[in-house]
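Take a look at the structure below.
Each reported figure results from applying straightforward, stated rules to the coordinates on display, with no laboratory input. Nothing here was measured: the structure is a model prediction, and the numbers come from that model. Cβ coordinates were reconstructed from backbone atoms using ideal geometry, including for glycine residues, and neighbour counts include every protein chain displayed.
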């Protein structure tokens, strides 16, 4: 008995629909970094964590908008012509999901950045702290040490 095949794989047509939908809802830290570095005006990255978390470190170029404030503040500061990318701490936190839901309820196009702030920092991308902008070494378990991106 196969542990992998104990539940049979989906039909290819169903798999295409599933994985296409998955990509419509999520993006990853490498793709967000690429778009921020290019200055793509079609996305706005939103850090949905609290003030102390934001002060501890955040993505350069992100807006700070805690989830509890999205409904009241987002319409005044974020155009509906952009796609909002939400992030929170990391894969063990569903704060980015809750924030994405709030934006969707307001009528925004939205994606969640999988991996969150944790994987952004672990991949060695710029982090803003009280000391300024820092780049931590890439974690070899999450990103190639001597390359720009995972190239996947």
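Structure data summary
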| quantity | calculated |
| --- | --- |
| Gaussian network model of the chain, springs between alpha carbon atoms under 10 Å - residue of 47, 11, 35 with greatest fluctuation | 11 |
| Rough spin-label spacing in nm, given labels placed 7 Å along Cα→Cβ, for residue 38 and residue 2 | 3.7 |
| Of every Cα-Cα pair in region 91-149, the percent that sits beyond 18 Å | 49 |
| Cubic angstrom per residue, convex hull over Cα atoms of region 1-45 | 109 |
| Per-selection metrics, region 29-86 (Cα): Rg and Dmax in Å | 11.5, 30 |
| Rounded to 5, percent antiparallel among DSSP beta bridges of region 27-134 | 30 |
| Over the chain: Kirkwood hydrodynamic radius from C-alpha pairwise inverse distances, Å | 16.6 |
| Relative contact order of region 27-134, defined on C-alpha pairs under 8 angstrom at six or more residues apart (%) | 32 |
| Approximate spin-label separation residue 81-residue 130, in nm, with each point projected 7 Å along Cα-to-Cβ | 3.9 |
